[in-house]
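Let me begin by presenting the structure, written as structure tokens, before commenting on it.
The values are calculated or read from the model by the stated rules, or taken from the named source; none is laboratory data. Quick caveat, the model's predicted, so the values are computed rather than measured. Quick reminder, even Gly has a Cβ in these numbers, built from the backbone with ideal geometry, and neighbours come from all protein chains shown.
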Amino acid sequence: MKKVDITEQLEYIEKVKEINDGKNLKYYILTMGCQLNENDSEKICGMLEEMNYSKTEEMKEAGLIIFNTCCVRENAEERLFGKLGEVKKQREERGAIIAIGGCMMQEDHIVEKIKQSYQYDVIFGTHTLHKFPEDLYNAIINEKRITDIIDIEGEIIEGLPIKRDNNIKASVTIMNGCNNFCSYCIVPYVRGRERSRQAEDILDEVRQLAKQGYKEITLLGQNVNSYMVEENKKGNNSPINTFAKLLTEINQISGIEKIRFISPHPKDFTDDVIEAIRDCEKVSKLVHLPLQSGSTNVLKVMNRKYTKEQYLNLVEKMKQQIPNVTFSTDIIVGFPGETEEDFEDTLDVVRKVGFEQIFMFIYSRRVGTPGDKMENQIPEEIKHQRFDRLKKLYEDSVSENNKKYIGRTEEILVEGYSKNNENLLTGRTDSNKVVVFEGKKDLIGKMVNIKIISEHMWYLKGEICK
Ligand code: SAH
Ligand code: SF4
Ligand code: F3S
């Protein structure tokens, strides 16, 4: 896959920096999507800081306001329109520059709507993120609206500056795009086709992070276990050409204590990945395994390419092969044509697997996807009732499931002070459960052994092992 030359963009960064000299300008950024979207925001922040903008959490103070959008469900889109109404005043009264980027900008009907009815200065998409310096420069110099969207398969961008939100945990995008076209999902249309970064570039980034003191790495992609699959078809010659090999390599980087990844696809969960999770001591034994539906019929229409039984067999295999494995998942309720019986199948899988965490979604029609064109849409009321039933089943299991932790000793990366109680430190178990405990500040960023003493639904309490 061709790498994009960003030299010109680095020059634009310098040009905007000159314009901003002595002005003490601030930027405000709102990240509205998933972790990939967050990682893109970190790159936008990186470019802006190089241009001498400094970050503010107050929109009112900002000379530049950026929305990094998401369109995976309708509520994400509605949120943007609400915000665009709010910023109108900032632009008219103070001359604040408004930039809108991200997945939603790859949808033609949305860009049209914004052009017609809202105020903005720059619109950029997922394939033009790296051109943000040039677009911003042109908007400032020419005082005109810039729309920079391209609809390409996508290329690989390396070398953009990045300003990370956290100094202990970092996410690293290993691949972009998606080839799966699940029939409910907009992501393949707005993120382009699958393309993987070269392993050496990823390893360099992780080594650099380790050197800077980062302890936990989350590898990101829409379908991480098909890492390099497309490149291998085209004659890739890197020896690190599978996800399992990549995990094994990252596991050897000293300084990194914990490796997580999202999301794998059940259909691509090959044995070598299972073995790598089992054998790499730093790789979290929590597997996020998106189920979407427990009904074989629904899964077929969703184009997920596995059945209920195949999913359950995969879970069973991992339970046998990976000591202390746990699972989390994503589930959609109310997909077109979902019958009561189909929904019962979903509940059945939830009972059988015993997920640590479930991200539950009500099906949302996305323009341009096959699901949107299906005639047997489920009434809102039934969707909501099913959502509530699933939520209850899950919530009823949380406290029972938490009891297994009591008395156990967990090795935990100390992330900082608890948001709800500033006297307590916090971190997460390998299975991603929040743990709070008493301890001194100098433990932040270190791995400590914590004995779990009690459970409180959404968090566990523990004490440092002497
Ligand atoms: N590539 C990842 C995540 C994609 S988006 C994966 O395959 O797991 C995250 C989650 O949003 C999906 O797993 C799915 O559960 C949910 N989602 C995607 N499209 C949706 C839609 N149209 N309505 C409701 N939920 C949706
Ligand atoms: Fe969407 Fe399916 Fe691709 Fe995930 S795998 S991003 S759900 S199309
Ligand atoms: Fe992520 Fe939303 Fe785009 S979930 S990939 S930001 S559509």
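For the reader, a short list of remarks on this structure follows.
- Inter-residue pairs, beta-carbon under 9 Å, first more than 17 Å from LEU220 (Cα to Cα) and in the stretch 163-186, second part of a strand (DSSP E or B) and within 14 Å of ligand 1 (Cβ to nearest atom), 6+ apart: CYS182/GLN292; TYR184/GLN292; TYR184/ILE332
- One residue stands out among those in the stretch 150-198 that are crowded, with 22+ Cβ neighbours inside 10 Å and part of a helix (DSSP H, G or I): the one that is nearest to ligand 2 (Cβ to nearest atom), which is VAL187.
Yes/no matrix, rows are residues, columns are (1) closer than 20 Å to VAL187 by Cα; (2) part of a helix (DSSP H, G or I); (3) within 16 Å of ligand 3 (Cβ to nearest atom):
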site	(1), (2), (3)
LYS17	no, yes, no
ASN24	no, no, no
TYR27	no, no, no
GLY33	yes, no, yes
GLU38	yes, yes, yes
SER41	yes, yes, yes
MET47	no, yes, no
ASN52	no, no, no
GLU57	no, no, no
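- Just one of the numbered conditions (1) outside the structural domain of GLU344 (by TED's automatic domain parsing); (2) surrounded by 15 or more Cβ atoms within 10 Å (Cβ to Cβ) is not true of ASN423: (2).
- Filtered residues of the stretch 96-150 (kept if more than 25 Å from the chain's Cα centre (by Cα), closer than 22 Å to THR369 by Cβ and in contact (Cβ under 8 Å) with a residue 60 or more places away in the chain): none
- Exactly one residue out of GLN320, GLN310 is within 27 Å of the chain's Cα centre (by Cα), assigned to a helix (DSSP H, G or I) and polar (S, T, N, Q): that is GLN310.
- Residues being in contact with a Phe, Trp or Tyr (Cβ under 8 Å, 6 or more places away or on another chain) and within 16 Å of ligand 3 (Cβ to nearest atom) - total across the stretch 341-360: 1
- Test: residue in the stretch 325-333 that is hydrophobic (A, V, I, L, M, F, W, C), away from ligand 2 (no atom under 15 Å from the Cβ), surrounded by 15 or more Cβ atoms within 10 Å (Cβ to Cβ) and more than 23 Å from the chain's Cα centre (by Cα): no
The rows are residues; the columns are (1) in the same structural domain as CYS182 (by TED's automatic domain parsing); (2) over 26 Å from VAL333 (Cα atoms); (3) β-branched (Val, Ile, Thr).
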{"site": "ILE262", "(1), (2), (3)": "yes, no, yes"}
{"site": "THR270", "(1), (2), (3)": "yes, yes, yes"}
{"site": "ILE274", "(1), (2), (3)": "yes, yes, yes"}
{"site": "SER295", "(1), (2), (3)": "no, no, no"}
{"site": "VAL298", "(1), (2), (3)": "no, no, yes"}
{"site": "ASN303", "(1), (2), (3)": "no, no, no"}
{"site": "TYR306", "(1), (2), (3)": "no, no, no"}
{"site": "GLU309", "(1), (2), (3)": "no, no, no"}
{"site": "GLN320", "(1), (2), (3)": "no, yes, no"}
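- Where a residue in the stretch 59-76 is assigned by TED's automatic domain parsing to the domain that holds GLU93 and its partner, wherever it lies, is within 16 Å of ligand 1 (Cβ to nearest atom) and assigned to a strand (DSSP E or B), with Cβ under 7 Å and at least six apart: ASN68/THR31; ASN68/GLY102; THR69/GLY102; CYS70/GLY102; ARG73/PHE361
- Per the conditions (1) away from ligand 1 (no atom under 16 Å from the Cβ); (2) under 20 Å from ILE123 (Cα atoms), the sole criterion not satisfied by ILE186 is (1).
- Take the conditions (1) under 30 Å from ILE332 (Cα atoms); (2) surrounded by 15 or more Cβ atoms within 10 Å (Cβ to Cβ); (3) within 24 Å of the chain's Cα centre (by Cα); LYS383 misses just one of them, which is (3).
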